[in-house]
Amino acid sequence: WQRRNCRVIGKGRDMKFSQLNEYADGNILAGVVDATGHIVINNPERHNAVSMAMYEAAAEQVSAMASDDDVRLLMIRGAGGKAFASGADISKFEKERNSEAQVAAYQAATAKFYSSVFNFPKPTIAYIQGYCIGGGMALAVACDLRICEDKSRFAVPAAKLGLGYGFEGVSRLNALVGPAMVKEIFFTARQFSAQEAYDMGLVNRVLPAHMLASYAADYSRRIAENAPMTMGSIKAITQDLQKPSAERDLDKLAEMVKACFDSEDYIEGRRAFMEKRKPQFKGR
């Protein structure tokens, strides 16, 4: 493994990316460390712009982690410290998106990645440093939680490029910030500050840059220590809340809640509380 310009990674309480594997010629790093699955967009020279090959590799790794019982949550971030992701790699548009068939294939690859993150059955966190632009915003809103540094900047410049933006991406953003802010984000195509992003409900937390890594480490640890079945049921319920009533599977959701009460983890949680100790949940 080579560091490949990940200069910021590995400092302080940040995780050790030397434990991750390379995909898409090293532009995607992925692996599991201490119960947390990691996807790193490793293209800092281009502000972590994402090519089709990168979308495909990332989606494959996310899908693999979804069925890995050792993974309690997923964290997604960009390398280099200057950008979470700046969206599609425009320099490759002439090669990858210059015909109707290529545009369709590209959109399918991006949709597959965003969907794999949105439908990931465990908690997901977007760890945002620097710019979060275009497709980077689409990726961030596909996550359950978003934490960023106070220098982060957000934008969807589709209207400056003449790009269309699909229903699912707009719907996910709308669920976070509401229709008025969706329109402002798209109509103005301007960059928003981290504070503006927090005020509109786009991000959960804004941290000073030097505190982001330690906060993320603590955030991940707290989530990883909690009962997987409880978190899974809450995620499934909140996902279904974004669907039309007729498409909600209330029976399945009720079964997931019942399974929590029937689980070994519920017994462990009760006993740990009575014994004044930290519970050791197994996800069963």
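Remarks
- Phi angles across the range 102-116 convert, under the Karplus curve 6.51 cos²θ - 1.76 cosθ + 1.60 with θ = phi - 60°, into 3J(HN,Hα) values of 5, 4, 5, 5, 5, 5, 5, 5, 5, 4, 5, 5, 4, 5, 5 Hz, Gly and Pro given as x.
- Surface listing: Thr36, Thr188 arranged by accessible area from highest to lowest gives Thr188, Thr36, probe 1.4 Å.
- Label-to-label distance, nm, for residues given as Glu100 and Glu196 (7 Å Cα→Cβ offset): 3.8 nm
- Residues Glu264 and Asp218, FRET efficiency given R0 of 25 Å [Cβ-Cβ distance, rounded to 0.05]: 0.40
- 0 to 90° range, to nearest 10: angle between helix 264-274 axis and the chain longest Cα axis: 70 degrees
- Surface analysis of the range 25-150 yields an accessible area of 36 Å² per residue, using protein heavy atoms and a 1.4 Å probe.
- Potential extension, Ser67-Lys282 segment - 0.36 nm per residue separation minus Cα distance: 75.9 nm
- Proximity of backbone amide H atoms, modeled 1.01 Å from N, is registered between Gly87 and Val50, Ile133, Gly135, Gly136 at under 5 Å, excluding neighbours fewer than 5 places apart on the same chain.
- Segment Ala108-Ser171, extension gain: residue separation times 0.36 nm, minus the distance between their alpha carbons: 21.0 nm
- Phi-based couplings in Hz for the range 127-137 (Karplus 6.51, -1.76, 1.60; Gly and Pro marked x): 9, 10, 10, x, 6, 9, 10, x, x, x, 5
- Remark: for residue pairs Lys151/Lys252; Lys112/Lys151; Lys82/Lys276; Lys112/Lys278; Lys243/Lys278, the C-alpha separation exceeds 32 Å in Lys151/Lys252; Lys82/Lys276; Lys112/Lys278; Lys243/Lys278.
- Shown in residue order for the range 180-187 are the 3J(HN,Hα) couplings computed by the Karplus curve 6.51 cos²θ - 1.76 cosθ + 1.60 at θ = phi - 60°: 5, 6, 4, 5, 5, 4, 7, 5 Hz (x for Gly and Pro).
- Taking the chain and dividing mean pair separation by its residue count, relative contact order in percent (alpha carbons under 8 Å, at least six apart): 14 percent
- Extended-chain gain in nm, criterion 0.36 nm per residue less alpha-carbon gap, Met211 and Ala35: 61.2 nm
- Under conditions of 20 °C and 1.002 mPa s, the range 171-254 yields 137 µm² s⁻¹ as its translational diffusion coefficient, taking Rh as the Kirkwood radius over Cα pairs in the Stokes-Einstein equation.
- Charge dipole (debye, nearest 20) of the range 107-249; +1 at Cβ of Lys and Arg, -1 at Cβ of Asp and Glu: 200 debye
- Residues of the range 202-240 with amide N under 19 Å of a point placed 7 Å along Cα→Cβ from Ala272: 217-235
- Percent carbon-and-sulfur accessible area, the chain, ignoring ligands, DNA and RNA, probe 1.4 Å: 53 percent
- Taking all protein chains together, Lys276, Lys282 sort by accessible area into Lys276, Lys282, largest first [probe 1.4 Å].
The values are calculated or read from the model by the stated rules, or taken from the named source; none is laboratory data. The structure presented is a predicted model; accordingly, all values stated were derived computationally and were not measured. Because the Cβ atoms are built from the backbone with ideal geometry, glycine has one as well, and the counts that use them run over all protein chains shown. To get the accessible areas, we keep the full protein, side chains included, count just its heavy atoms, and leave off ligands, DNA and RNA. Shrake-Rupley method; radii C 1.70, N 1.55, O 1.52, S 1.80 Å.
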